[in-house]
Amino acid sequence: MKRTLTFAVTAITAVTLMMLATACAQDAQGGMQGASGNRRQRIAQFQQMLEQRFEQADSNHDGKLTLAEAKAGMPRVAEHFDQIDTARRGYVTLRELDRYLLQQARQRRAQQQNGGT
């Protein structure tokens, strides 16, 4: 139980960081309008959506997505499966997915700040 709770808190924290990084990059580019409350709401909605989609795709409810589960329920994850599964275990966890999304958001922000596409 403690392990599951710790995992959930870690996953939520990682997704929050990823969304904050994206929101900050968009704010800097003028892409998001409105106050920080709107940003928090979008982050919360994204967190909830990601967790729900992961749980739905995890057909055996073991907290891990195999490539087959990702193909069936999260095709975008399947497209980047090898990049997310850096340990090459044949599955990805929500934490690994969060880490990958945060890394991608940071790279996009850096590209935007450097005038890249």
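The values are calculated or read from the model by the stated rules, or taken from the named source; none is laboratory data. Please read these numbers as outputs of a predicted model, since none were measured by experiment. Note: ideal-geometry Cβ built from the backbone for every residue, glycine included; neighbour counts use all protein chains shown.
Only one entry in 72, 57, 68 is touching an Asp or Glu at 6+ places or on another chain (Cβ under 6 Å), farther than 30 Å from residue 114 by Cβ and modelled with pLDDT of 95 or more, namely 57.
Which pairs do you get when a residue that is without any contact (Cβ under 8 Å) to a residue 40 or more places away in the chain, found in the stretch 95-117, comes within reach of a residue that is in a helix (DSSP H, G or I), reach meaning Cβ atoms under 7 angstrom, with the pair 6+ apart or on two chains? As it stands, the answer is 96/84; 100/83; 100/84; 117/111, since those pairs meet every condition given.
For residue 98, the criteria (1) charged (D, E, K, R); (2) under 22 Å from residue 44 (Cα atoms); (3) part of a loop (DSSP other than H, G, I, E, B) hold in every case but one, which is (3). Flag not set for residue 88, criterion: surrounded by fewer than 19 Cβ atoms within 10 Å (Cβ to Cβ), charged (D, E, K, R) and within 15 Å of the chain's Cα centre (by Cα). Of all residues in the stretch 75-94, those being more than 18 Å from residue 49 (Cα to Cα), at pLDDT 95 or above and of a type in the set (Val, Ile, Thr) number 1. Listed by first and then second residue, the pairs linking a residue in the stretch 56-78 that is over 14 Å from residue 98 (Cα atoms) to a residue that is among the hydrophobic types (A, V, I, L, M, F, W, C) and loosely packed, with under 15 Cβ neighbours inside 10 Å, with Cβ atoms under 7 Å apart and 6 or more places separating them unless they lie on different chains, are 57/72.
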